[in-house]
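The values are calculated or read from the model by the stated rules, or taken from the named source; none is laboratory data. Nothing here was measured: the structure is a model prediction, and the numbers come from that model. Note that we place each Cβ from the backbone using ideal geometry, even for glycine, and neighbour counts take in every protein chain shown. Only protein heavy atoms, including side chains, enter the accessible area calculation; ligands, DNA and RNA are left aside. Shrake-Rupley method; radii C 1.70, N 1.55, O 1.52, S 1.80 Å.
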Amino acid sequence: MVAVAKLHARLADLGHPNIRDSYGCVFGFIDLDEGSRLTELADASGLTKQAVGEAVTELERLGYLVRQPDPADGRAKIIKLTDMGLDAVIKGRRVFAEIEAEWAKQLGPELLASFREAATRIAALETERAETGRRRRAA
């Protein structure tokens, strides 16, 4: 079973059966204490505002998020986790840590650390490439 499928199956067992892959752009990047603006989530995830907005709308409908006026800018909204949303994030992180521990047992901690470093570098390269492309289109 793929890691994401394991994550979703375990989250379903822990009371969150509606979590989907596409929600990672929110759950993976939202500020747990203060909440985040949609644009911040889109920038951090590397997705479009439209794609993140669709995930936010679905998560709000499911009760995982609320949108509140941004006190610093009345035109903007802050997206915050509800208690259920925070529970899902905390459980999701715990489950993923368990999955990583399984990988470490199978591969060894050194290889897992190398894999994590490579994945981090690839993500940074892709983020840089996406930002360069956005700057070119804006010019």
Revision key, fill the gap. Of R93, R67, R75, the only residue that is in contact with a strand residue (DSSP E or B) (Cβ under 6 Å, 6 or more places away or on another chain) and open to solvent by 60 Å² or more (accessible area, probe 1.4 Å) is R67
Check your understanding: Scanning for something of a type in the set (S, T, N, Q) and closer than 27 Å to L125 by Cβ, does the stretch 10-32 turn up at least one residue?
Key -> yes
Practice item. Give the residue that is modelled with the lowest pLDDT, with candidates limited to residues of the stretch 4-58 that are within 15 Å of the chain's Cα centre (by Cα) and more than 27 Å from K77 (Cα to Cα). Key: V4
Check your understanding: So which of E54, E40, E58 ends up being over 15 Å from A88 (Cβ atoms), among the acidic types (D, E), in a helix (DSSP H, G or I) and touching a Phe, Trp or Tyr at 6+ places or on another chain (Cβ under 8 Å)?
Key -> E40
